[in-house]
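Take a look at the structure below.
Throughout, read-outs are computed from the coordinates displayed, never taken from laboratory work. A quick note: this is a predicted structure, and the numbers were derived from the prediction, not measured. Here the Cβ positions follow ideal geometry from the backbone for every residue, glycine too, while neighbour counts run over all protein chains shown.
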Amino acid sequence: MNAFDNIYGILFKPDVTFPELVNRQYLSSSFLIVLFLAVLNSFRDASSLGISGWSVLLLIPLNIGIALFLWAVSGMLITLVADLLGGAGKITDTMIILAFSAIPFIFTGPAALLAKALAQNQLYLFFQVIIYLWVIFLVLNGLKYSHKIQFGQSVMSLFGSVFFLIVLLIGGLIMFILAGILLAMGIS
C-alpha cells in the first residue's frame with residue numbers, strides 16, 4: 001500500500017488498514033505525518049492567537065519539538081502499559097499507530113475556517129469533539145492490532161498511560177515545590 005492508500009484506509013477502513021501498518025516500514029511515513037500535523041497546528045495556533053508575520057516561523061519549531069516529544073513519550077508509555085496488560089507489541093508499532101491515528105486532525109483547520117466564516121464558535125467546538133473522539137477510537141483500534149490485545153485492554157492501556165503520566169507530572173510538581181521550599185529555608 002502507498003501512503004495515500006494508508007491515509008484513506010485509516011480514515012475510512014481502519015480495520016483493514018491497521019494490520020498492514022503494524023510493521024516498521026511505515027515509521028518514516030509516521031514521522032512525516034507528525035511533522036506535517038505539527039506545522040499545520042502551528043498555522044492554526046497562529047491564526048487563533050492573532051500571530052502573523054515572522055512570529056509564525058518561531059511557533060513552527062516549537063510545535064514540532066513538542067509534537068515529536070509527545071509522540072515518543074506517549075509511544076513508550078502506552079507500550080509499557082500495554083505490555084503490562086499482556087500485550088506483545090513494539091514501541092515503533094505504537095508510534096506508527098499513534099501517528100496514523102492522528103490523521104483526522106487535518107480537519108481541525110477547515111473546521112475552524114468554517115466556524116469562523118459562519119461566526120459559530122459552538123460549531124467549531126462540536127467539530128473538535130467529533131475529531132478527538134475519532135482519533136481516540138482510531139488509537140484504541142490500532143492498539144488492538146499492534147499489541148494483539150482485546151479492545152478493553154487497549155482502553156486500559158491508553159487511559160492507564162494517561163493516568164501514569166498525570167501521576168508523574170503531579171509527583172514532579174510536588175518535588176519541584178519541595179525543592180523550592182528546602183532551598184528557601186536553607187537560604188534564609
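For segment 3-187, just run the numbers: alpha carbon Rg, then divide by 2.2 N^0.38 Å, N being how many residues it has.
So segment 3-187 has a normalised radius of gyration of 1.18.
Please give the FRET efficiency for residue 31 paired with residue 184, using the beta carbon to beta carbon distance and R0 = 35 Å, rounded to the nearest 0.05.
Efficiency at R0 = 35 Å is approximately 0.20.
Taking residue 13 as the anchor, which aspartates and glutamates have their alpha carbon closer than 16 Å to its alpha carbon, excluding any fewer than eight residues away along the same chain?
Output for residue 13: 5.
Label-point separation (nm) for residue 162 and residue 116, each offset 7 Å from Cα along Cα-to-Cβ?
Output for this residue pair reads 2.8 nm.
Compare the peptides 43-54, 150-161 by average per-residue count of other Cβ atoms within 10 angstrom and give them in order, highest first.
Ranked from most to least packed, the peptides come out as 150-161, 43-54.
Compare the peptides 88-97, 25-34 by average per-residue count of other Cβ atoms within 10 angstrom and give them in order, highest first.
So the order, starting with the most tightly packed, is 88-97, 25-34.
Starting from 0.36 nm per residue, how many nanometres of slack lie between residue 40 and residue 151 once their C-alpha separation is accounted for?
Computed gain between residue 40 and residue 151 is 36.9 nm.
Quick one: putting +1 on the C-beta of Lys and Arg, -1 on the C-beta of Asp and Glu, what dipole do you get for the chain around its Cα centre, in Debye to the nearest 20?
Around 60 debye, computed over the chain.
Take each complete run of DSSP H in the chain, measure how far its Cα atoms stretch along the helix's own axis, and keep only those covering 27 Å or more with mean Kyte-Doolittle hydropathy at least 1.6; list them.
Membrane-span-like by this criterion, though nothing is claimed about a membrane: 55-84, 151-187.
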